[in-house]
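One structure is given here, and the rest of the page talks about it.
The values are calculated or read from the model by the stated rules, or taken from the named source; none is laboratory data. Owing to the predicted nature of the structure, the values given are computational and were not obtained by experimental measurement. Using ideal geometry, Cβ is built from the backbone for each residue, glycine included, and neighbour counts are taken over all protein chains shown. Accessible surface areas use protein heavy atoms only, side chains included; no ligands, DNA or RNA. Shrake-Rupley method; radii C 1.70, N 1.55, O 1.52, S 1.80 Å.
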Amino acid sequence: MIDYSRYKYLKVEDIGDGIYILRLNRPERLNAINLGEGSMHEELENVFYDFNNDSRVNAVIMTGEGKAFCSGGDIYYMAEVIEKGTNNTEWIRTLIREGKRIINNMLELEVPLIAAVNGFATGLGTTLALYSDIVIMGKSAKIGDTHISVGLVAGDGGAIIWPLLVGIHRAKYYLMTGELISAEEAYRMGLVNMVVDDDKVLDTAINVARKLISKSKYGVIWTKLSINKIVKHYVNLVLDTSLALELHTFKSEEHKNEVKKFIERRAKK
């Protein structure tokens, strides 16, 4: 039996009928994803693999603890890496490996994966939401791939999933500007499946999960598998390159400068 209690930055709850809630659990940092050994980034690499090998699991709902879904990579951690001068090749190789496995393990998960976006979803947080099978968003939530705002390539999956969902021209605009999108606009563009009142996001996700598990088990699983073949094709085509370019920009002066500006802006608030 898989022991989910070993995770430090993820909370897993079985709410019955094989429906599991996965909570990103760094609310003090708006569930920003820290990096390195023993980090949330590493845990995300493993948790979808665990779900896929747990016969008890019929559906997974991913949400954020507190007032945000996920604010992406932890900028403060990036600042520490820059300050310590540990932005080295081995660290980058680890990020590439983990980043690929997060995406691939999400796509390999057989049971339905529902994102309950209960607040800001930015950067890698957006990628986690959009690679889910169903995306439910609260009315006040905002979503956007903000890699460019800290001098990085949108390489952890954004360059794949955005064009598939909203078309190439819209994807280029939002990935190259880093603009945030309201829930209603995200729905209109086809980024998300539905928008509900903020206090109904999780309940709606649970109801969708119950609807899905009431259907033919293998009908659902194999329909998902068939559609994900399209996504996997583009992952195979793009992800290695986009991750390599993103992690190349981790070493750039632009990234260092943008991280410094971000920290300075936050300090003034």
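The listed residues are Ala121, Ala141, Ala115, Ala159, and the only one of them that is within 16 Å of the chain's Cα centre (by Cα), open to solvent by 10 Å² or more (accessible area, probe 1.4 Å) and of a type in the set (A, V, I, L, M, F, W, C) turns out to be Ala159.
Taking every residue in the range 164-185 that is at positive phi and pairing it with any residue that is assigned to a helix (DSSP H, G or I) and of a type in the set (S, T, N, Q), at least 6 positions away or on another chain, the pairs with Cβ-Cβ distances below 8 Å are Gly178/Ser149.
Those helices (runs of 4 or more DSSP H) of the range 169-269 in which 1 or more residues are within 26 Å of Asn58 (Cβ to Cβ) and over 21 Å from the mean Cα position of the chain (by Cα) occupy 201-213, 217-249.
Is it true that Glu184 is touching a strand residue (DSSP E or B) at 6+ places or on another chain (Cβ under 9 Å), of a type in the set (D, E, K, R), under 20 Å from Gly123 (Cβ atoms) and at pLDDT 95 or above?
On the way: touching a strand residue (DSSP E or B) at 6+ places or on another chain (Cβ under 9 Å): yes; of a type in the set (D, E, K, R): yes; under 20 Å from Gly123 (Cβ atoms): no; at pLDDT 95 or above: yes.
Answer is no for this residue.
Per the listing Ile33, Ile61, the residue uniquely out of contact with any Gly (no Cβ under 6 Å at 6 or more places or on another chain), at pLDDT 95 or above and open to solvent by less than 20 Å² (accessible area, probe 1.4 Å) is Ile61.
Return yes or no: is Tyr131 closer than 17 Å to Ile33 by Cβ, at pLDDT 95 or above and not hydrophobic (A, V, I, L, M, F, W, C)?
Yes, satisfied.
Among the residues of the range 202-216, the ones that are of a type outside the set (Gly, Ala, Ser) and without any contact (Cβ under 8 Å) to a residue 24 or more places away in the chain come to 4 in all.
Residues that are open to solvent by 50 Å² or more (accessible area, probe 1.4 Å) and without any contact (Cβ under 8 Å) to a residue 24 or more places away in the chain within the range 7-27 comprise just one, Glu13.
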